[in-house]
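Right, one structure below, let's go through it.
The values are calculated or read from the model by the stated rules, or taken from the named source; none is laboratory data. Since this is a predicted model, take the numbers as computed values, not measurements. Cβ placement follows ideal geometry from the backbone for every residue including glycine, while neighbour counts extend to all protein chains displayed.
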Amino acid sequence: MQTLTSYVGGRWVTGEGPWTDLTDPTTEEVIARASTGGVDFGAAVRHARAAGPALRALTFAERGALLEKAAKAIHAVREELLDLAIANGGNTRSDAKFDVDGATGTLMHYAELGRALGGRRVLLEGEPSNIGRSGRLQGQHVLAPRHGVAIAINAFNFPCWGLAEKAACAWLAGVPVIGKPATATALVTWRMVQAVVEAGALPEGALGLISGGVGDLFDHLTWRDVVAFTGSADTARRIRGHARILENGVAVNVEADSLNAAVLAPGAEDATYDAFIRDAHKEITQKAGQKCTATRRIFVPRDRLDDVIADLGERLGTTIVGDPRRDEVGMGPLATKEQLRSAREGVEALGGEARVVWGQPAAKQDRGYFFGPLLLRADDPHGATRVHELEVFGPVSTLMPYDGTAADAASLVQRGDGSLVASIYGDDREFLAAAIVEMAGWHGRLVVTDEKIADKAIAPGTVLPNLLHGGPGRAGGGTELGGLIGLGPYVQRCAVQGNGPLIAKLLGA
């Protein structure tokens with residue numbers, strides 16, 4: 001059995017207990033253990049902060065080169081990471097690639113952004129602004145790196161990509177990172193960080209790892225630091241409400257729960273409809289529905305609801321659920337025993353408003369945390385509440401009818417109270433235009449698919465490094481990725497005013 005260590009203060013530290021077991025969700029075998037007992041979190045934070053000057057002294061191009069080295073170090077152990085993701089997360093090989101390759105792809109994207117920014121050390125925001133009548137006296141907004149550390153706290157479902165996407169933005173901004181993965185699947189993150197450290201890809205102190213609980217970590221943070229969190233809304237509230245974070249004004253960037261929706265517009269062409277069924281199937285089954293961007297609510301014109309249930313059910317029936325080590329298996333188990341319990345309880349809680357129309361609620365099994373795909377149907381979405389408030393974090397989606405108008409579809413989508421992503425499938429331009437206007441303010445991203453791009457469209461649950469990941473309301477209000485937008489949590493906006501030409505030269509404009 002593997003004992004996970006934490007990388008703090010420039011060395012690997014073994015915890016002193018109590019221990020948390022990590023299991024194989026297919027067999028329920030304990031495969032590793034983790035603890036942060038005895039870890040000096042204050043020293044860990046101070047050591048990471050000490051790496052800040054070295055990172056800030058580098059140009060964007062030089063920081064980008066570090067990201068490229070980190071990406072190559074992770075890719076060098078790709079096969080090992082895929083095996084660990086299967087063993088510790090219940091991922092199929094395809095789902096494991098989604099996580100691991102997402103990590104290296106994101107790091108490479110930000111490496112390329114660094115190369116494009118070249119010799120600058122701070123970002124310029126907007127154009128210079130003249131002050132008074134003098135053409136020389138000007139002001140320029142800049143985005144300068146925070147002089148602290150980024151605490152990257154990640155959920156269990158993306159142990160590689162979750163840390164990499166936060167670290168890519170922080171490192172390019174010039175800020176050191178301490179990663180804190182969810183302990184349940186931390187084996188994958190631990191090996192990934194090992195690979196980066198062993199390769200010497202980053203300056204000393206630029207990357208730390210906490211394998212286990214956070215202890216008194218937050219007590220050592222100041223306003224210069226930032227906590228970037230992905231996980232449940234309940235945990236996000238506890239972090240935001242922590243006394244030290246409130247007293248010191250520590251920035252907290254949150255990506256939380258999300259009841260993402262898909263809308264099928266009336267009169268969708270065959271290619272558009274096929275893309276809708278294809279993507280709905282993928283969002284239900286990929287990573288066993290354990291994605292913050294997975295589609296939880298599906299809105300269909302009332303006269304097409306039965307057809308969608310039949311077609312989507314037929315597609316789901318082709319997915320084999322079982323041991324993810326087997327090539328023919330398309331969906332593995334849920335990641336933990338707690339996730340299995342939560343999914344069962346969630347479906348039961350929705351039972352007063354929705355009924356199962358495809359699949360069987362998973363019965364208790366002798367071994368493994370398996371839960372088959374389920375389609376639920378709620379015939380009165382306007383009168384329902386739980387289907388718009390409770391996210392079942394598993395392979396479960398609820399189908400609901402609407403009256404065929406963009407206004408009705410948008411009003412139902414908005415009941416999710418802010419989401420990471422929504423998708424619209426249709427070819428009626430008037431419908432699409434109205435839906436975009438009404439839905440954009442409730443989401444971090446909208447995916448619009450029509451027949452001309454249906455065969456090329458990327459499923460809405462796929463997060464891209466060049467587009468925003470985050471959303472308003474219950475989604476947490478966070479800002480992640482989106483190209484240079486992703487650097488936002490790790491920089492301070494400052495207006496520099498004075499001799500305009502001199503300032504431009506000093507800033508490398």
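Can you pull out the residues in the stretch 29-53 that are in the same structural domain as GLY205 (by TED's automatic domain parsing) and among the basic types (Lys, Arg)?
Those that are in the same structural domain as GLY205 (by TED's automatic domain parsing) and among the basic types (Lys, Arg): ARG46, ARG49.
Kindly provide the set of residues from the stretch 5-45 that are charged (D, E, K, R), under 26 Å from PRO203 (Cα atoms) and touching a residue at least 12 places away in the same chain (Cβ under 8 Å), ordered by number. Let's see the steps before the verdict.
Step one: list which residues in the stretch 5-45 are charged (D, E, K, R), which gives 11, 16, 21, 24, 28-29, 33, 40.
Imposing the further condition that a residue be under 26 Å from PRO203 (Cα atoms) reduces the set to 11, 40.
Residue satisfying the conditions is ASP40 alone.
Taking ARG238 as meeting all but one of (1) part of a helix (DSSP H, G or I); (2) surrounded by fewer than 23 Cβ atoms within 10 Å (Cβ to Cβ); (3) touching a residue at least 24 places away in the same chain (Cβ under 8 Å), write down the number of the exception.
Here ARG238 meets the rest and fails (3).
Can you tell me which residues in the stretch 389-408 are under 21 Å from the mean Cα position of the chain (by Cα) and either surrounded by fewer than 21 Cβ atoms within 10 Å (Cβ to Cβ) or part of a loop (DSSP other than H, G, I, E, B) (or both)?
GLU389, LEU390, GLU391, VAL392, PHE393, GLY394, PRO395
Given the conditions (1) more than 30 Å from LYS505 (Cβ to Cβ); (2) surrounded by fewer than 18 Cβ atoms within 10 Å (Cβ to Cβ), report the number of the one that THR104 does not fulfil.
Result: THR104 fails condition (2) only.
Does the stretch 229-239 include one or more residues that are under 23 Å from VAL254 (Cβ atoms) and either touching a Pro at 6+ places or on another chain (Cβ under 7 Å) or not assigned by TED's automatic domain parsing to the domain that holds LYS72 (or both)? Let's see the steps before the verdict.
Looking only at the stretch 229-239, we keep the residues that are under 23 Å from VAL254 (Cβ atoms), and these are 229-239.
Then drop every residue that is not either touching a Pro at 6+ places or on another chain (Cβ under 7 Å) or not assigned by TED's automatic domain parsing to the domain that holds LYS72 (or both), which leaves none.
The answer is no, given that none of the residues of the stretch 229-239 is under 23 Å from VAL254 (Cβ atoms) and either touching a Pro at 6+ places or on another chain (Cβ under 7 Å) or not assigned by TED's automatic domain parsing to the domain that holds LYS72 (or both).
Assuming MET1 fulfils every condition listed in (1) farther than 16 Å from SER211 by Cβ; (2) at pLDDT below 95; (3) not acidic (Asp, Glu) apart from one, which condition is it?
Status for MET1: all satisfied but (1).
Given the conditions (1) under 28 Å from GLN414 (Cβ atoms); (2) free of Cβ contacts under 8 Å to residues at least 40 places away in the same chain; (3) surrounded by fewer than 21 Cβ atoms within 10 Å (Cβ to Cβ), which single one is not true for THR318?
Unmet for THR318, out of (1) under 28 Å from GLN414 (Cβ atoms); (2) free of Cβ contacts under 8 Å to residues at least 40 places away in the same chain; (3) surrounded by fewer than 21 Cβ atoms within 10 Å (Cβ to Cβ): (1).
Every residue in the stretch 1-15 that is part of a loop (DSSP other than H, G, I, E, B) and either more than 27 Å from the chain's Cα centre (by Cα) or in the same structural domain as LYS287 (by TED's automatic domain parsing) (or both), please.
Within the stretch 1-15, the first condition is being part of a loop (DSSP other than H, G, I, E, B), and the residues that meet it are 1, 4, 9-10, 15.
Matches in the stretch 1-15: MET1, GLY9, GLY10, GLY15.
Taking the stretch 94-139 as the region of interest, how many residues are touching a helix residue (DSSP H, G or I) at 6+ places or on another chain (Cβ under 6 Å) and not hydroxyl-bearing (Ser, Thr, Tyr)?
17
Looking at ALA96, is it of a type in the set (A, V, I, L, M, F, W, C), touching a Gly at 6+ places or on another chain (Cβ under 9 Å) and closer than 28 Å to THR336 by Cβ?
Yes: the conditions hold for ALA96.
With the checklist (1) crowded, with 24+ Cβ neighbours inside 10 Å; (2) within 20 Å of the chain's Cα centre (by Cα) in hand, flag the one item ALA435 doesn't pass.
Of (1) crowded, with 24+ Cβ neighbours inside 10 Å; (2) within 20 Å of the chain's Cα centre (by Cα), only one is false for ALA435: (2).
Any idea which residue in the stretch 414-431 is surrounded by the most Cβ atoms within 10 Å (Cβ to Cβ), counting only those that are acidic (Asp, Glu) and in a loop (DSSP other than H, G, I, E, B)? Talk me through it step by step, then tell me what you get.
Taking the stretch 414-431 as the starting set, the residues that turn out to be acidic (Asp, Glu) are 417, 427-428, 430.
If we keep only those that are in a loop (DSSP other than H, G, I, E, B) too, we end up with 417, 427-428.
Values: ASP417: 15, ASP427: 19, ASP428: 16.
Checking each candidate, the answer is ASP427.
Could you check PRO18 against (1) farther than 30 Å from LEU123 by Cβ; (2) part of a helix (DSSP H, G or I); (3) of a type outside the set (Val, Ile, Thr) and say which number it fails?
So PRO18 meets the others, but not (2).
Within the stretch 2-32, how many residues are buried (at least 18 other Cβ atoms within 10 Å of the Cβ) and closer than 24 Å to ASP323 by Cβ?
The total comes to 6.
Taking the condition hydroxyl-bearing (Ser, Thr, Tyr) and within 24 Å of the chain's Cα centre (by Cα), does SER411 pass?
Spelling it out, it is not the case that SER411 is hydroxyl-bearing (Ser, Thr, Tyr) and within 24 Å of the chain's Cα centre (by Cα).
Considering only residues that are more than 18 Å from THR285 (Cα to Cα) and not hydrophobic (A, V, I, L, M, F, W, C), which ones fall in the stretch 375-397?
Pass one, the stretch 375-397, residues more than 18 Å from THR285 (Cα to Cα): 378-390.
Listed by number, the residues that qualify are ASP379, ASP380, PRO381, HIS382, GLY383, THR385, ARG386, HIS388, GLU389.
Within the stretch 339-363, take every residue that is in contact (Cβ under 8 Å) with a residue 24 or more places away in the chain and either of a type in the set (D, E, K, R) or within 20 Å of ASP83 (Cα to Cα) (or both) and give me the one that is surrounded by the most Cβ atoms within 10 Å (Cβ to Cβ).
GLU353
Quick test for you: out of GLY114, GLY38, GLY89, pick the one residue that is of a type in the set (Gly, Ala, Ser) and surrounded by fewer than 18 Cβ atoms within 10 Å (Cβ to Cβ).
Result of the check over GLY114, GLY38, GLY89: GLY38.
For the stretch 51-92, which fully contained helices (runs of 4 or more DSSP H) count at least 2 residues that are within 23 Å of the chain's Cα centre (by Cα)?
In the stretch 51-92, 60-76, 78-89 are the helices (runs of 4 or more DSSP H) which contain 2 or more residues that are within 23 Å of the chain's Cα centre (by Cα).
Can we say VAL30 is under 28 Å from the mean Cα position of the chain (by Cα), at pLDDT 95 or above, within 12 Å of GLY215 (Cβ to Cβ) and among the hydrophobic types (A, V, I, L, M, F, W, C)?
no
With the requirement that a residue be assigned to a strand (DSSP E or B) and free of Cβ contacts under 8 Å to residues at least 60 places away in the same chain, what does the stretch 100-129 give you?
In the first step, residues of the stretch 100-129 are kept if they are assigned to a strand (DSSP E or B); the result is 123-129.
Once the filter is applied, which keeps residues that are assigned to a strand (DSSP E or B) and free of Cβ contacts under 8 Å to residues at least 60 places away in the same chain, the stretch 100-129 yields GLY126, GLU127, SER129.
Could you please tell me which pairs satisfy a Cβ distance under 7 Å, a separation of 6+ or placement on different chains, a first residue in the stretch 444-455 that is surrounded by 18 or more Cβ atoms within 10 Å (Cβ to Cβ), and a second residue that is hydroxyl-bearing (Ser, Thr, Tyr) and modelled with pLDDT of 95 or more?
Within 7 Å, the pairs are VAL447/SER423; THR449/THR272; THR449/SER423; THR449/TYR425; ASP450/THR272; ALA454/THR272.
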